[in-house]
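K.L.:
Before I ask anything, let me first share the structure, which is written out below as structure tokens.
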Amino acid sequence: MLKRFCLVAFFGVFSSLVVAPAAFAETQTIVKPMYGPNRLDWCRDWAVGCGKEAADAYCKSLGYENATSFSEAADIGAFQPTRLIGTGAVCDQPFCDGFKAITCFKSSPMKVFNNPTYKGNRLDWCRDWAVGCGQPAADAFCKKEGFARATAFKIIYAPPMPWVPGASSVCNDPGCARLADVMCVRP
């Protein structure tokens, strides 16, 4: 749920802040990963896609993007059979390898851009002169950065003077506002 705060004056700087819950990247380390009733095999298929490829497939099966680190448990098949993630086949021979641990990663669905810029200048509060102000300007910035929309942003009435993208110029009026702390979210 978004919370809105009103305009605040502090040492001649005016700002308005719209905030949303914080987000962060997520990692999880799985020790002795299991695939079904067996330990996860070191390879995706028989001697194919070993190590990183099998670890990535395992992380993706758990809803993560990929594996950032992993370690091998060599020759465990005779006492702890392993299962191939690609085919589901079981390896129960002494030479079958598995994983000691896998760390899976999922990037944050959000990113905060402090004092975003366009062509080297801070961004104006409006996309064009007094048009598309606030949320539309923040959304346009987020889309330019590869995100779906803005979930939070801050408005600052203070130098430096901001760039108005639609007008292709800097706003030199002392009443010009600029965007700061834009939080963008992926779909």
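The values are calculated or read from the model by the stated rules, or taken from the named source; none is laboratory data. On a predicted model such as this, the values are computed, not experimentally measured, just so you know. Reconstructed Cβ throughout: ideal geometry from the backbone, glycine too, with neighbour counts over all protein chains shown.
K.L.:
Looking at C96 and the list (1) modelled with pLDDT of 95 or more; (2) touching a Leu at 6+ places or on another chain (Cβ under 9 Å), which single condition is not satisfied?
P.N.:
(2)
K.L.:
Against the conditions (1) of a type outside the set (K, R); (2) farther than 30 Å from P187 by Cβ; (3) surrounded by fewer than 18 Cβ atoms within 10 Å (Cβ to Cβ); (4) in contact (Cβ under 8 Å) with a residue 24 or more places away in the chain, where does I76 fall short? Just the number, please.
P.N.:
The number of the failed condition is (3).
K.L.:
Right, here's the next one. Those residues that are assigned to a strand (DSSP E or B), within 27 Å of the chain's Cα centre (by Cα), of a type in the set (A, V, I, L, M) and more than 28 Å from V182 (Cα to Cα), I need them from region 85-114; list them, please.
P.N.:
Result: A101, I102.
So that you can scan it fast, the table gives a plain yes or no per residue for (1) free of Cβ contacts under 8 Å to residues at least 24 places away in the same chain; (2) over 13 Å from R186 (Cα atoms); (3) surrounded by fewer than 17 Cβ atoms within 10 Å (Cβ to Cβ); (4) among the polar types (S, T, N, Q):
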{"position": "F113", "(1), (2), (3), (4)": "no, yes, no, no"}
{"position": "T117", "(1), (2), (3), (4)": "no, yes, yes, yes"}
{"position": "A137", "(1), (2), (3), (4)": "no, yes, no, no"}
{"position": "C142", "(1), (2), (3), (4)": "no, no, no, no"}
{"position": "E145", "(1), (2), (3), (4)": "no, no, yes, no"}
{"position": "F153", "(1), (2), (3), (4)": "no, yes, no, no"}
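K.L.:
Can you tell me how many residues within region 139-159 are under 17 Å from F113 (Cα atoms) and not in a strand (DSSP E or B)?
P.N.:
Adding up the residues that qualify gives 10.
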